[in-house]
Amino acid sequence: MDEPKDAKRKPARRGFAAMDPERRREIARRGGASVPGEKRSFAQNRDLAANAGRKGGAASRGGGRRPTPN
């Protein structure tokens with residue numbers, strides 16, 4: 001029995017996948033350039049970034065170090 005023609009069809013390329021590779025590189029090159037330096041608080045304050053990472057890690061309840069029970 002033959003498969004329907006649609007069974008082997010690839011999904012339509014959309015978004016970045018459909019863009020010209022040069023256009024994708026251009027967008028990637030910009031990175032966070034649209035954000036002014038004064039708004040990049042983590043780049044300015046290393047302790048702020050460390051505390052935010054610690055807070056996010058604790059909230060995620062993910063793996064990693066656990067406090068030892070007393």
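The values are calculated or read from the model by the stated rules, or taken from the named source; none is laboratory data. Predicted, not measured: the structure shown is a model, and the values here were computed from it. FYI the Cβ positions are ideal-geometry reconstructions off the backbone, even for glycines, and counts take in every protein chain you see. SASA here: full protein model, heavy atoms, side chains in, ligands and nucleic acids out. Shrake-Rupley method; radii C 1.70, N 1.55, O 1.52, S 1.80 Å.
Please verify whether ASP2 is at pLDDT below 70, over 18 Å from the mean Cα position of the chain (by Cα) and assigned to a helix (DSSP H, G or I), treating the condition exactly as stated. Step through it out loud before you land on a result.
Numbers: at pLDDT below 70: yes; over 18 Å from the mean Cα position of the chain (by Cα): yes; assigned to a helix (DSSP H, G or I): no.
No; evaluated as a whole, the condition is false for this residue.
Pairs, please: C-beta under 7 Å, at least 6 apart or cross-chain, first residue in a helix (DSSP H, G or I) and in region 15-29, second open to solvent by 100 Å² or more (accessible area, probe 1.4 Å)?
The qualifying pairs are ARG24/PHE16.
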